[in-house]
1. Consider B:Asp213 carefully, then state whether it is within 12 Å of another protein chain (Cβ to nearest Cβ), in contact with a strand residue (DSSP E or B) (Cβ under 8 Å, 6 or more places away or on another chain) and at negative phi.
2. Which of (1) out of contact with any Leu (no Cβ under 7 Å at 6 or more places or on another chain); (2) more than 22 Å from B:Ile100 (Cβ to Cβ); (3) modelled with pLDDT of 95 or more does B:Phe225 not meet, given it meets every other one?
3. Considering (1) touching a helix residue (DSSP H, G or I) at 6+ places or on another chain (Cβ under 6 Å); (2) within 14 Å of another protein chain (Cβ to nearest Cβ); (3) buried (at least 17 other Cβ atoms within 10 Å of the Cβ); (4) not hydroxyl-bearing (Ser, Thr, Tyr), say which one B:Gly222 fails and leave the rest.
4. Name every residue in segment B:231-248 that is buried (at least 18 other Cβ atoms within 10 Å of the Cβ) and part of a loop (DSSP other than H, G, I, E, B), in order of residue number.
5. Where in segment B:6-67 are there helices (runs of 4 or more DSSP H), lying wholly inside it, with at least 3 residues that are touching a residue at least 40 places away in the same chain (Cβ under 8 Å) and under 24 Å from B:Arg268 (Cβ atoms)?
6. Please go through segment B:120-141 and pick out each residue that is touching a Ser or Thr at 6+ places or on another chain (Cβ under 6 Å) and within 14 Å of chain A (Cβ to nearest Cβ).
7. Just to be sure before I move on: is B:Arg156 facing chain A (nearest Cβ under 8 Å) and out of contact with any strand residue (DSSP E or B) (no Cβ under 7 Å at 6 or more places or on another chain) in the structure I sent?
8. Hey, does segment B:105-123 have a residue that's β-branched (Val, Ile, Thr) and within 18 Å of B:Gln202 (Cα to Cα)?
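The values are calculated or read from the model by the stated rules, or taken from the named source; none is laboratory data. Quantities reported herein were computed from a predicted structural model and do not represent experimental measurements. Every residue, glycine among them, receives a Cβ derived from its backbone with ideal geometry; neighbour counts consider all protein chains shown.
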There are 2 protein chains.
Amino acid sequence: MIGLRRLSLNQATVRNLTAADAIRLCVKHEIPGIGLWRDRVAELGLARTAATVTAASLHISSLCRGGFFTHADADARAAALADNRVAVMEAAELQADTLILVSGGLVPGSRDLALARRMIADAIAELVPVAQDAGVRLGIEPLHPMFCADRCAITRLGEALDLAMRFPADTVGVVVDTYHVWWDSQLAADIARAAGRIAGFQLCDWVLPLPRDVLLGRGHLGDGFIDFGLIADLVLVAGYTGYAEVEILNAEIWDAPADETALKVRNRFADLLC
Amino acid sequence: MIGLRRLSLNQATVRNLTAADAIRLCVKHEIPGIGLWRDRVAELGLARTAATVTAASLHISSLCRGGFFTHADADARAAALADNRVAVMEAAELQADTLILVSGGLVPGSRDLALARRMIADAIAELVPVAQDAGVRLGIEPLHPMFCADRCAITRLGEALDLAMRFPADTVGVVVDTYHVWWDSQLAADIARAAGRIAGFQLCDWVLPLPRDVLLGRGHLGDGFIDFGLIADLVLVAGYTGYAEVEILNAEIWDAPADETALKVRNRFADLLC
């Protein structure tokens with residue numbers, strides 16, 4: 001079991017809070033880690049965010065996010081890469097455990113999945129030396145196949161892992177997000193194969209029915225269908241020593257009082273994973 | 001390319017029609033195959049459906065469907081199996097190319113995916129001798145992972161294939177439905193591996209956004225993101241000689257005039273696959 005000392009709250013779970021408020025919330029509820037989002041970091045300022053986190057004695061388990069590499073024209077691809085370089089620098093300054101990469105879906109106007117996947121691999125190859133110089137670890141996150149067309153052509157942990165393995169393990173790993181991978185019959189085998197490559201572990205539950213915007217259909221741990229104990233054990237057995245980050249994108253949870261959300265995150269985590 | 005002489009219309013595409021009307025529609029629009037649903041067959045009567053199809057010189061590419069094997073109590077499992085035995089007899093009487101199996105999701109009240117998958121395998125093992133005696137071929141259909149919790153724990157073609165391969169190839173095959181498998185980076189390898197095991201080939205497009213009921217979010221060929229030419233070529237190269245069945249579950253298409261739908265199905269198929 002992972003234990004509360006490795007619990008992290010991803011800022012997207014309390015999306016209405018500023019970075020400063022999210023940091024305060026974690027301190028108040030004795031959540032030792034936080035996953036930050038770039039837009040909220042930019043609001044507070046990079047140096048000030050880093051200082052605030054340090055003063056709060058929190059650990060930054062991830063910076064969300066880089067990626068979205070798939071574009072039809074060269075200028076857009078170059079712009080995406082430039083933005084990812086900036087994201088690497090931000091992750092370095094924040095000393096985040098990983099910069100999470102959501103790779104991008106099909107190239108606009110194209111049905112060629114292989115092209116999208118080559119474009120993603122090429123972009124990551126260009127980003128690797130930048131990350132290496134900065135001492136930042138990239139985390140390739142496979143998204144659920146229902147996001148394949150529009151958000152992420154990397155749809156399985158095994159696929160993310162095969163891609164990561166082209167590069168040094170300390171620079172490129174994979175992110176295991178329970179929501180995206182729980183259904184995969186190869187999951188246990190792929191997590192075992194990912195030993196030394198797990199750059200992040202995110203948790204939320206699969207709940208039904210899916211809402212109109214399926215991006216926001218995630219649930220509190222225990223409200224849905226995922227066996228968290230099993231997946232956490234697999235991740236631990238694979239030697240993962242990082243944080244377990246609860247990231248729940250859900251408009252109803254965003255509208256709930258943040259204290260209530262943090263309490264629920266902590267309690268559910270304690271019940272299911274401690 | 002597959003060619004119009006192997007086009008089939010699955011009845012679910014024109015769900016408001018009776019079996020007799022769907023059969024007439026196929027004849028009118030020179031669609032030589034039809035995929036039938038058990039509830040509509042029951043309305044018309046089994047023998048009468050068989051006679052009507054024969055009189056119309058249509059070919060029955062599939063009967064939909066058996067499966068839904070995952071139940072918490074033994075009585076419900078036995079009832080499911082009994083119903084599947086009846087479905088096998090119906091498929092035999094209709095001389096359908098395959099009885100499509102949608103396996104069922106998690107066992108109600110359980111988060112144990114391995115249990116659901118064992119239960120599915122056990123049920124199919126019980127059904128195989130029945131199918132063998134009746135000369136019916138079972139087609140295990142993997143559904144898209146977004147249906148894993150509630151409809152089908154078999155989420156990838158490779159997983160369906162591994163299950164099918166425990167049994168004789170002429171009794172148990174797999175169904176390739178573009179909507180469910182298009183996103184899979186292992187798809188080409190798994191279709192190749194499925195040579196001699198492809199019991200059915202269904203087509204519809206992945207369109208966005210997903211509707212409120214994600215079961216009904218499918219689109220006409222060409223309206224979405226799927227490269228049909230690529231997948232059809234893979235299926236043909238694997239030696240598939242059966243029909244290509246257009247099955248589109250979509251409430252708007254159900255509300256459209258059936259003639260318009262049949263025309264569009266035929267034209268899009270001709271454009272993309274002939």
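1. On the way: within 12 Å of another protein chain (Cβ to nearest Cβ): yes; in contact with a strand residue (DSSP E or B) (Cβ under 8 Å, 6 or more places away or on another chain): no; at negative phi: yes.
No, not satisfied.
2. So B:Phe225 meets the others, but not (1).
3. (3) is the only condition that B:Gly222 fails.
4. B:Ala238, B:Tyr240, B:Gly242, B:Tyr243, B:Glu247, B:Ile248
5. On the way: elements: B:19-28, B:38-44, B:46-55.
By residue number, B:19-28.
6. Applying the first criterion (touching a Ser or Thr at 6+ places or on another chain (Cβ under 6 Å)) to segment B:120-141 yields B:120, B:128, B:131-132, B:137, B:139.
Result: B:Ile120, single match.
7. Working: facing chain A (nearest Cβ under 8 Å): yes; out of contact with any strand residue (DSSP E or B) (no Cβ under 7 Å at 6 or more places or on another chain): yes.
Taking the combined requirement at face value, the residue satisfies it.
8. no
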